[in-house]
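The values are calculated or read from the model by the stated rules, or taken from the named source; none is laboratory data. Given the structure is predicted, the values throughout are model-derived calculations rather than measurements. In this analysis, Cβ positions are derived from the backbone assuming ideal geometry, glycine residues included, and neighbour counts consider all displayed protein chains. Keep in mind that these areas ignore ligands, DNA and RNA; they rest on the heavy atoms of the full protein, side chains included. Shrake-Rupley method; radii C 1.70, N 1.55, O 1.52, S 1.80 Å.
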Amino acid sequence: MKDKLIIANWKMNGGVVANSKLLIAILKLKKALINSEIVICPPHIYMHQVKEYIVGSRIKLGTQNVNANKSGAYTGEISVGMLKDFNCDYALVGHSERRTLFNETDKDLANKILLLVQGGIIPVLCIGESLAQRENGEANSTIIKQLEAVINIVGYKCFKSVVIAYEPIWAIGTGKTASIAQAQAMHKAIREYLTRLDGKLFRRTSVLYGGSVSEKNASDLIKQKDIDGFLVGGASLMADSFEAVCSCSAGIKV
Ligand code: PGA
């Protein structure tokens, strides 16, 4: 059985003091969790702080974003090489907030994935449908199109090292979660799509669920056959709720 993967996306939240308290709590928790991998994606300015806390532990460092170019005149941006300097292991790519607020295109996402894979950092490609798309019966076709758009550029072999996070946009930060059946159905569709491409190559691909994951729904969601972990926003900002989500995922009650 592969480890459950729990990724904390702090978004543009946190501060030196609050981060310290949260990190101390997560470090204590991680000792109890043997069959799960925890990744923390802080704002870039706090990567150094997080790295100092997690050094020597089994907690991994992730980034919320990376630039699609190797280096150069891109004011305010950071590169894969810089992330490598921090031993960053994971990078979110194509979060719906970046797609909509920062107009990231499939080409941008594909370039990021190529550079990340070359640099040995695991890309976490976020996909998900809007409420209108779901209501029009287009949820399935939307996420498959999002996958195809990137795979057509990077090639499916490069995609082998990518983690996928299914995040219905209408569930992000809204407190509305996909029902257990809806989430499992979408994860199954992703898995079937990958299997059609190459069953062997994608046998171990992790498909995470994200969108208002909390202590209330984590234990039911994680029991689903095709859900391998979570991308957690709001609930990752407080020690109690993040501990509860991680513990449910690892099958431990705290
Ligand atoms: P949420 O965010 O858990 O607050 O809904 C998830 C995400 O945006 O990754």
- Query: Across region 104-135, what is the number of residues that are modelled with pLDDT of 95 or more, assigned to a loop (DSSP other than H, G, I, E, B) and away from the ligand (no atom under 16 Å from the Cβ)?
  - Reply: 2
- Pull up region 1-39, narrow it to residues that are of a type in the set (K, R) and in contact with a strand residue (DSSP E or B) (Cβ under 8 Å, 6 or more places away or on another chain), then point me to the one that is nearest to the ligand (Cβ to nearest atom). K4
- Residue count for region 130-150, restricted to those that are of a type outside the set (S, T, N, Q) and under 20 Å from S206 (Cβ atoms): 5
- Note on the structure: Selection from region 152-188 of residues more than 16 Å from the ligand (Cβ to nearest atom), of a type in the set (A, V, I, L, M) and within 18 Å of the chain's Cα centre (by Cα) yields V162
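For the condition of a type outside the set (A, V, I, L, M, F, W, C), farther than 20 Å from K60 by Cα and surrounded by fewer than 19 Cβ atoms within 10 Å (Cβ to Cβ), what is the one hit in S161, S141?
Values: S161 fails: farther than 20 Å from K60 by Cα.
Result of the check over S161, S141: S141.
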- Note on the structure: Pairs returned, first residue in region 18-38 that is touching a residue at least 60 places away in the same chain (Cβ under 8 Å), second residue that is assigned to a helix (DSSP H, G or I) and among the hydroxyl-bearing types (S, T, Y), beta-carbon separation under 8 angstrom, 6 or more apart or interchain, are L29/S247; A32/S247; L33/S247; S36/S249
- Criterion: closer than 17 Å to A235 by Cβ and open to solvent by 50 Å² or more (accessible area, probe 1.4 Å) - qualifying residue of K188, K200, K216: K216
- Checklist (1) surrounded by 12 or more Cβ atoms within 10 Å (Cβ to Cβ); (2) modelled with pLDDT of 95 or more applied to G15, failing item: (1)
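Looking only at residues in region 212-236 that are more than 22 Å from E192 (Cα to Cα) and touching a strand residue (DSSP E or B) at 6+ places or on another chain (Cβ under 8 Å), which one is nearest to the ligand (Cβ to nearest atom)?
Filtering region 212-236 for residues more than 22 Å from E192 (Cα to Cα) gives 212-219, 232-236.
Subsequent filtering for residues that are touching a strand residue (DSSP E or B) at 6+ places or on another chain (Cβ under 8 Å) retains 213, 218, 232-233, 236.
Numbers: V213: 5, A218: 11, V232: 5, G233: 2, S236: 7 Å.
Among those that are more than 22 Å from E192 (Cα to Cα) and touching a strand residue (DSSP E or B) at 6+ places or on another chain (Cβ under 8 Å), it is G233.
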- Query: In the set A189, A139, A181, which member is more than 29 Å from M47 (Cβ to Cβ) and free of Cβ contacts under 8 Å to residues at least 12 places away in the same chain?
  - Reply: A181
- Query: In region 36-95, what residues are closer than 16 Å to V163 by Cβ and surrounded by fewer than 18 Cβ atoms within 10 Å (Cβ to Cβ)?
  - Reply: D89
- Do the conditions hold for F242, that is, is it of a type in the set (F, W, Y) and over 24 Å from K21 (Cβ atoms)? no
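Condition check ((1) more than 14 Å from the chain's Cα centre (by Cα); (2) at pLDDT 95 or above; (3) more than 16 Å from the ligand (Cβ to nearest atom)) across all residues:
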residue	(1), (2), (3)
R191	yes, yes, yes
K200	yes, no, yes
S206	no, yes, no
E243	yes, no, no
I252	yes, no, yes
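If a residue must be more than 16 Å from the ligand (Cβ to nearest atom) and either more than 23 Å from S20 (Cβ to Cβ) or aromatic (F, W, Y) (or both), how many such residues does region 40-65 contain? Reasoning before the result, please.
As a first pass, look at region 40-65 and keep what is more than 16 Å from the ligand (Cβ to nearest atom): 44-61.
Restricting the remaining residues to those that are either more than 23 Å from S20 (Cβ to Cβ) or aromatic (F, W, Y) (or both) gives 46, 53.
The total comes to 2.
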- Task: May I ask you to list the residues in region 82-103 that are within 16 Å of the ligand (Cβ to nearest atom) and of a type in the set (D, E, K, R)?
- Result: E97, R98, R99
